[in-house]
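To start, the structure under review is shown below, and the notes come after it.
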Amino acid sequence: MTTTTAAASADATELTRALLTAADPRRRRVDRTMRILIWGAFAVAMVPLVSLVWTVLSSGFGRISLDFLTLSMRNIFGGDPSGGIYHAIAGTLVITALATVISVPIGLLTAIYLVEYGRGALARAVTFFVDVMTGIPSIVAGLFAVALFTLILGPGVRIGLIGAVALSVLMIPVVVRSCEEMLKLVPNELREASYALGVPKWLTIVKVVLRTSVAGLTTGILLAVARVIGETAPLLVTVGVTDSINFDPFEGRMMTLPVFAYRQYSQGLATCPGGESATCVPDIAIQNGWGAALVLIVIVLVLNLAGRLVNRWFSPKLR
Amino acid sequence: MTTTASGPPVQAPARRRTRRRTTDRGFNRAFRWIAVGSGVLMLAVLAAVALFLLVQAWPALTASEDDLAASVPRYPADTSLLAYVGPLVFGTLLAAALALALATPVAMGIALFISHYAPPKLAQVLGYLVDLLAAVPSVIYGLWGIFVLGPAVLPVWEWLGQVLGWFPLFAGTVSPTSRVLATVSVVLAVMILPIITAVSREVFLQTPKLHEEAALALGATRWEVVRTAVLPFGRSGVISAAMLGLGRALGETMAVLMILSPGFLYSFKILTSAQHQTIAAYIAADFPEASGLAVNTLVATGLVLFVITLAVNMGARAIVARRKEFSGAN
């Protein structure tokens, strides 16, 4: 009896081993196909990224010069290749800075509310609607800002402040989300140690929680700035366009880099009566558009990189 | 969850109240009210967006058809506002749906690649590369779409038009400029890849390790682990990720504005030019020159877009929020 069972179980073991090692070829084929497909999906996503960055670099680089970066487009017509994007850079920086000044206090305080105070129905509602707000289309944010300021200043007003308000609507939810994540990372022991020393809660938040997470908060804010600095549509409807330098967001139209790139693109080819020469380049507008796109993408990438590096270098080493 | 742990959990309510009285005063109270106020302000902003859009859209909503036809450019006579917005809504939904159909499978592949296939040390960097796609400004996508992608995909569109011309989507004359809805959908798909990937990746990473190990112990291959353990666990997450992507695609403006040659038809011919227009691109194209009732009409179409995206986003977020409660039990 023992011999037969031993033989049978040996047979069974052999059989199992055979089954396992020579796994069904169809299953292996499916596994391999799916592996290729999944690696392929990633490769497919990299194609547009590489192509896009390469196109912007190669098309925009030829137009970059000191003149291009330090002159405006005032009194530049047709195919005149002088003129530059200084007014657009100035407008982008002023409007984005103003949007940041509006968004960061509100966003940071909301994140503090959600992490330190929030519980119950109100906190749940705020969390939910902050998430929903991240999905507001940028053009709708622009229309909202226009609608708001039409009631205050009357119709047809185009100033930088309206654009900054539109950008804030897009920026605040991003700031809240990232700051909330960072504040949650602060260990509770730090708060409790502070309370045990008799420090009031608000001082604990300012001196302990914010101090500890300052690197993460900086990262979150930099990434939020990078997200809105390239917005075009809301600025197109709120700020208008101009060819001159304007640093005052409370008076007059302003130009911004993304809107400049779009406007130059939509101008198309210029007519040069005497053919292409040093003073008339037919496709100068397209070249200007690519140049502005290159400056813009460099700003965005630098902000992204700075954000990641700040977090890596300055965040406190937690166990 | 960490904050609720502070303070003794089982305390008589009376004692709590005395504690609060002694500490919640002065700066402490002021700071708390400022924080709560910011939270409430968030809700107020969302409400204000809806309210101000409605106020500005109201004149157009109540105006007669003749008034609209007189003051709004390209407004056909004897048409209600609803019939006027209809083709725009159709174009918006068609472009977004096509983009979603293109992007979702690829995004799921990337998410699985980063969560289960890529070498773990590289995964974070690769995920960051995909996130970079989201950082590129939309106006640059527009330039890229018109100058690089358009010419590149034109042979594909011509081939589709020849071989699959009987299929309603590919019917009609293939536009030689490539400024068609098909090209727009491809650009939109690239733009919404990062958000779908990011959300699906998070969900796939939450798959309980025990489920995966159980599948491996039964002799499953890598793909069978994914199919039997990861995908069923992540299904609702992927659905909500796709809906978030849909919300982005619905509201995208510049890429559509720059690439598409617009038309105002209920048409499925995505390879033919001058057939479709989306709400967002329509507003951006006409708003800078609009005045009077035309502005109100554009704001009204914006209100329609806002309602659609709000509904899609709220649905997606509700699914994600419900998931969170359940996934704790796993």
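A few remarks follow.
- Screening A:Ile136 with (1) at the interface with chain B (Cβ under 9 Å from one of its Cβ atoms); (2) not in a loop (DSSP other than H, G, I, E, B) gives one miss only, at (2).
- Any chance B:Leu244 is within 25 Å of the chain's Cα centre (by Cα), farther than 30 Å from A:Arg17 by Cα and within 9 Å of chain A (Cβ to nearest Cβ): yes
- All positions within the stretch A:179-207 that are buried (at least 21 other Cβ atoms within 10 Å of the Cβ) and under 29 Å from the mean Cα position of the chain (by Cα): A:Cys179, A:Glu180, A:Met182, A:Leu183, A:Val186, A:Ile205
- Residue that is nearest to the other protein chains (Cβ to nearest Cβ) [pool: residues in the stretch B:134-186 that are over 20 Å from B:Gly263 (Cα atoms) and assigned to a loop (DSSP other than H, G, I, E, B)]: B:Pro137
- Residues located in the stretch A:1-29, provided they are of a type in the set (Asp, Glu) and at pLDDT below 75: A:Asp24
- Residue in the stretch A:228-238 that is within 17 Å of A:Arg177 (Cβ to Cβ) and in the same structural domain as A:Asn304 (by TED's automatic domain parsing) present: yes
- Restricting the stretch B:115-133 to residues that are more than 8 Å from every other protein chain (Cβ to nearest Cβ) and among the hydrophobic types (A, V, I, L, M, F, W, C), the residue that is nearest to A:Ile299 (Cα to Cα): B:Val125
- Members of the stretch B:148-170 found to be of a type in the set (A, V, I, L, M, F, W, C) and surrounded by 17 or more Cβ atoms within 10 Å (Cβ to Cβ), listed by number: B:Val148, B:Leu149, B:Val153, B:Leu154, B:Trp157, B:Leu160, B:Phe170
- Meets criteria (touching a residue at least 24 places away in the same chain (Cβ under 8 Å), touching a Gly at 6+ places or on another chain (Cβ under 7 Å), facing another protein chain (nearest Cβ under 7 Å) and part of a helix (DSSP H, G or I)) for A:Leu122: no
- Subset of the stretch B:286-297 [part of a helix (DSSP H, G or I), within 9 Å of chain A (Cβ to nearest Cβ) and surrounded by fewer than 24 Cβ atoms within 10 Å (Cβ to Cβ)]: B:Phe287, B:Pro288
- Selection status of B:Ala229, in the same structural domain as B:Ala99 (by TED's automatic domain parsing), over 19 Å from the mean Cα position of the chain (by Cα), among the hydrophobic types (A, V, I, L, M, F, W, C) and surrounded by fewer than 21 Cβ atoms within 10 Å (Cβ to Cβ): no
- Scan the stretch B:112-139 for residues that are among the hydrophobic types (A, V, I, L, M, F, W, C) and either surrounded by fewer than 17 Cβ atoms within 10 Å (Cβ to Cβ) or under 28 Å from A:Val295 (Cβ atoms) (or both) and the total you get is 11.
- Of the helices (runs of 4 or more DSSP H) contained entirely in the stretch A:224-319, those carrying at least 1 residues that are closer than 22 Å to A:Val174 by Cα, more than 10 Å from every other protein chain (Cβ to nearest Cβ) and without any contact (Cβ under 8 Å) to a residue 40 or more places away in the chain fall at A:284-314.
- Only one of the listed residues (B:Leu54, B:Leu81) is on the phi < 0 side of the Ramachandran plot, touching a residue at least 40 places away in the same chain (Cβ under 8 Å) and in contact with an Asp or Glu (Cβ under 9 Å, 6 or more places away or on another chain). That residue is B:Leu81.
- A search for C-beta distances below 7 Å between a residue of the stretch A:148-176 that is over 20 Å from A:Thr256 (Cβ atoms) and within 11 Å of chain B (Cβ to nearest Cβ) and any residue that is of a type in the set (Ser, Thr, Tyr) and outside any helix (DSSP H, G or I), counting only pairs 6+ apart in sequence or on different chains, returns A:Pro173/A:Thr134.
- Residue within the stretch B:259-266 that is aromatic (Phe, Trp, Tyr), more than 12 Å from every other protein chain (Cβ to nearest Cβ) and either outside any helix (DSSP H, G or I) or within 19 Å of A:Val174 (Cβ to Cβ) (or both) present: yes
- Residue within the stretch A:61-71 that is exposed (fewer than 12 other Cβ atoms within 10 Å of the Cβ), under 15 Å from B:Ile140 (Cβ atoms) and either more than 23 Å from the chain's Cα centre (by Cα) or of a type in the set (Phe, Trp, Tyr) (or both) present: yes
Matching residues to (1) over 25 Å from the mean Cα position of the chain (by Cα); (2) within 23 Å of B:Val312 (Cβ to Cβ); (3) in contact (Cβ under 8 Å) with a residue 40 or more places away in the chain; (4) within 13 Å of chain A (Cβ to nearest Cβ):
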{"site": "B:Glu202", "(1), (2), (3), (4)": "no, yes, no, yes"}
{"site": "B:Ala217", "(1), (2), (3), (4)": "yes, no, no, yes"}
{"site": "B:Leu250", "(1), (2), (3), (4)": "no, yes, yes, yes"}
{"site": "B:Thr278", "(1), (2), (3), (4)": "no, yes, yes, yes"}
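- Where A:Leu210 falls short, out of the listed (1) surrounded by fewer than 24 Cβ atoms within 10 Å (Cβ to Cβ); (2) over 23 Å from A:Asn311 (Cβ atoms): (2)
The values are calculated or read from the model by the stated rules, or taken from the named source; none is laboratory data. These figures come from a predicted structure and were not determined experimentally. Positions of Cβ are generated from backbone atoms using ideal geometry, with glycine treated the same way; all protein chains shown enter the neighbour counts.
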